[in-house]
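**Student:** Let me begin by handing over the structure; questions about it come next.
Readers should treat all values here as calculations from the given coordinates under stated rules, not as data from a laboratory. Bear in mind that the values here come from a model prediction, so they are computed numbers and not experimental data. Here the Cβ is made from the backbone with ideal geometry for all residues, glycine too, and neighbour counts use every protein chain on show.
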Amino acid sequence: MKRSLLIKPTMNEQYPTVSYGKGIYLYDNKGKRYIDGSSGAVTASLGHGVYEIIKSMQNQANKVSFVYRSQFTSEPAERLAEKLNKLVDADEDYWSFFVNSGSEATETAMKVAIQYWQEQGNFKKQRILSRWVSYHGITLGALSMSGHINRRERFVSLLEDYPSVTAPYCYRCSFDKTYPTCQLMCAHEVEAAIKRIGADHIAGFIAEPIIGAAGGVIVPPDGYYQKVREICDRYNILFIADEVMTGIGRTGKMFGLDHWGVKADIVALGKGMSAGFTPMAATLVSEKVMKPILEGSNSIMSGHTYSANPQSAASALAVLEYIENNNLVDKVKENGTYLLKRLKEELSNLEIIGDIRGKGLMIGVEFVSDKNIKQSFHNNGAVTNKIVKKAREKGLLIYPSSAGQDGVGGDAIIISPPFIILKEEIEELVSILMEVVSDIQKELGLTGGT
Ligand code: PMP
């Protein structure tokens, strides 16, 4: 009997045991092959068993794997910080605070934002404005900022009562408008919320450039982030970009916000930053935010034992170098355009397909029970779970997500294969998914579409 707590009770099933991975494929201990169609949790961006990364990890392990951050820095950590600084913004310097997970990165961002105002004598700016739906992590601070009902509901009494605004979700616009005649009402809502709560109580506004786990990939309309950035500046509120899922090439640009030419004051990274080779994440803090901290208490009031350990820094550095040396961000754009086109061609007509959307290799598929009125199944993700399970049986791994304006009961999946996927592998992925969705439709007693 397996006793690891990886088993998801709601699915009441045991997962296969992995044996090894190569390229975009994973193999279980019975020899069955799976396409890693979601790079795990949108993480293993380079696929599995990449020689160059493994070599760098071995080299680092031969030197030193661990030092404590208040006793030593290390060459890979310094080089990684320098590289991230160059990548994130050509005009301003960013400092890296290394942590071990996306939740720690967003929670550190939250604390840094609050500390930034405290260092200037302002102790009232303590709240973080976020969006519903959203997901910023599982720890209590990160969860307080998250608009994700399932992950919050058991712990609501422990969470900070942070305010939120609606997500820029054009498929289900909260204002019942259409872009561009909507004049970006969702962005203007940010201003209305700030006025209601009082700018002197808000330390920062946090957003995933493209909403992932909580919304099945929600791409905002053009102009949204430019407007939101301008509002944050006008009301003295820091703009925190949660690039944990979108960062490091996933959307066909190095950072998600680059699609709109907008810069954040603080950036959270994780997942693809070390592409799954070791746990590694970071909070990038702009010079503007660092200045009063350096002039004040001169340290960020946070940290973890494994922060900036040389082993993880070496893997993340090797990942960034591999992406650059192989022009993988361009590859993501090309592969993403092709995958999105093929998914739309093959799946759009099926009865339960509501919407197929995304940027680069971060693609969401939303399922509906009635596509004419965009009716969700409202079954607590049961259709998503069936699709994910059936896909796994047929050798395709995809990431379950939720959808729907309120994040309750809507069904969606994320398709986010490794950057190195080949055209024929994309065809294989699309054809398995097509079979899976058709089968599930039949199981649900629906036969429509082609
Ligand atoms: N932010 C975003 C945007 C995420 O997608 C996730 C993970 N799904 C997190 C934060 C939390 O990251 P982790 O699971 O590594 O703590």
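**Student:** Straight-line reach only, C-alpha to C-alpha below 14 angstrom: list the aspartates and glutamates that Lys374 could link to, leaving out same-chain residues fewer than 8 apart.
**Tutor:** Asp176, Glu351, Asp355, Glu366, Asp406, Asp411
**Student:** Let me ask something else about it. As I understand it, the dipole of segment 54-325 uses +1 on the Cβ of Lys and Arg and -1 on the Cβ of Asp and Glu, about the Cα centre. Which of Ala193, Gln71, Phe123 lies farthest toward its positive end?
**Tutor:** Most positive-ward Cα: Ala193.
**Student:** Run the reach check for Lys124 against lysines, Cα to Cα strictly under 30 Å, same-chain hits fewer than 8 apart removed. What comes back?
**Tutor:** Hits, sequence-local ones excluded: Lys111, Lys195, Lys227, Lys263, Lys288, Lys291.
**Student:** Tell me the GluC sites (Glu not before Pro) within segment 137-235 that lie in a loop according to DSSP and have at most 15 other beta-carbon atoms within 10 Å.
**Tutor:** Glu160
**Student:** Also, quick follow-up: Whose amide H sits under 5 Å from the amide H of Ser401, counting only residues 5 or more places off or on another chain, with H placed in the peptide plane?
**Tutor:** Ala412, Ile413, Ile414
**Student:** At what distance in nm do the modelled label points of His201 and Met185 sit from each other, each positioned 7 Å from its Cα along Cα→Cβ?
**Tutor:** Result for the modelled spin labels: 2.5 nm.
**Student:** Treating only the Cβ of Lys, Arg, Asp and Glu as charged (+1, +1, -1, -1), what charge dipole size does segment 305-450 show about its Cα centre? Round to the nearest 20 debye.
**Tutor:** 160 debye
**Student:** With a cut-off of at most 15 other beta carbons within 10 Å, and DSSP calling the residue loop, which chymotrypsin sites (Phe, Trp or Tyr not before Pro) in segment 128-231 qualify? Please list them.
**Tutor:** Passing sites in segment 128-231 are Phe175.
**Student:** Here's something else I'd like to know. For the chain, what proportion of DSSP beta bridges, expressed in % and rounded to the nearest 5, is antiparallel?
**Tutor:** About 70 percent, rounded to the nearest 5.
**Student:** Identify the residues of segment 244-277 with backbone N under 11 Å of a label point that sits 7 angstrom from the Cα of Gln226 along the Cα-to-Cβ direction, or state none.
**Tutor:** Answer for segment 244-277: 260-262.
**Student:** While we're here: Which aspartates and glutamates, on any chain, are close to Lys423 with Cα under 19 Å apart, when same-chain ones fewer than 8 places away are left out?
**Tutor:** Asp36, Asp330, Glu334, Glu345, Glu346, Glu435
**Student:** Between Phe66 and Asn327, what length comes free when the chain is fully extended (0.36 nm per residue of separation minus the Cα-Cα distance, one decimal in nm)?
**Tutor:** Once the chain is fully extended between Phe66 and Asn327, it gains 90.9 nm.
**Student:** For the chain, the longest stretch holding no trypsin sites (Lys or Arg not before Pro) located in a DSSP loop with at most 11 other Cβ atoms within 10 Å is which?
**Tutor:** My reading of the result: 31-450 is the longest stretch.
**Student:** Lys and Arg at +1, Asp and Glu at -1: add these up for the other residues within a Cβ distance under 10 Å of Leu26 and post the number.
**Tutor:** +1
**Student:** How about segment 26-114: which GluC sites (Glu not before Pro) there are in a DSSP loop, with at most 10 other Cβ atoms within 10 Å of their Cβ?
**Tutor:** Taking segment 26-114 and a limit of 10 other Cβ atoms within 10 Å, no loop GluC sites (Glu not before Pro) are found.
**Student:** Mind listing the Cα extents of segment 54-325 along all three principal axes, in Å, largest one first?
**Tutor:** 59, 42, 40
**Student:** Then there's this: What does the charge count near Pro180 come to, summing +1 for each Lys or Arg and -1 for each Asp or Glu among other residues with Cβ under 14 Å from its Cβ?
**Tutor:** Neighbourhood net charge equals +1.
**Student:** What dipole magnitude, in Debye to the nearest 20, does the chain give about its Cα centre under +1 on Lys/Arg Cβ and -1 on Asp/Glu Cβ?
**Tutor:** Roughly 820 debye for the chain.
**Student:** Specify which residue in the list Tyr169, Met245, Gly141 is farthest towards the positive end of the charge dipole of the chain, using unit charges on the beta carbon of Lys, Arg (+1) and Asp, Glu (-1), about the Cα centre.
**Tutor:** So the residue furthest toward the plus end is Gly141.
**Student:** Let me ask you something else. Taking Cα pairs under 8 Å and at least six residues apart, what relative contact order does segment 54-325 come out at, in percent?
**Tutor:** In percent, rounded to a whole number, it is 30.
**Student:** Taking the Cβ of Gly141 as the center, what net charge do the other residues with Cβ under 15 Å away carry, scoring Lys and Arg +1 and Asp and Glu -1?
**Tutor:** So the surrounding residues net to -1.
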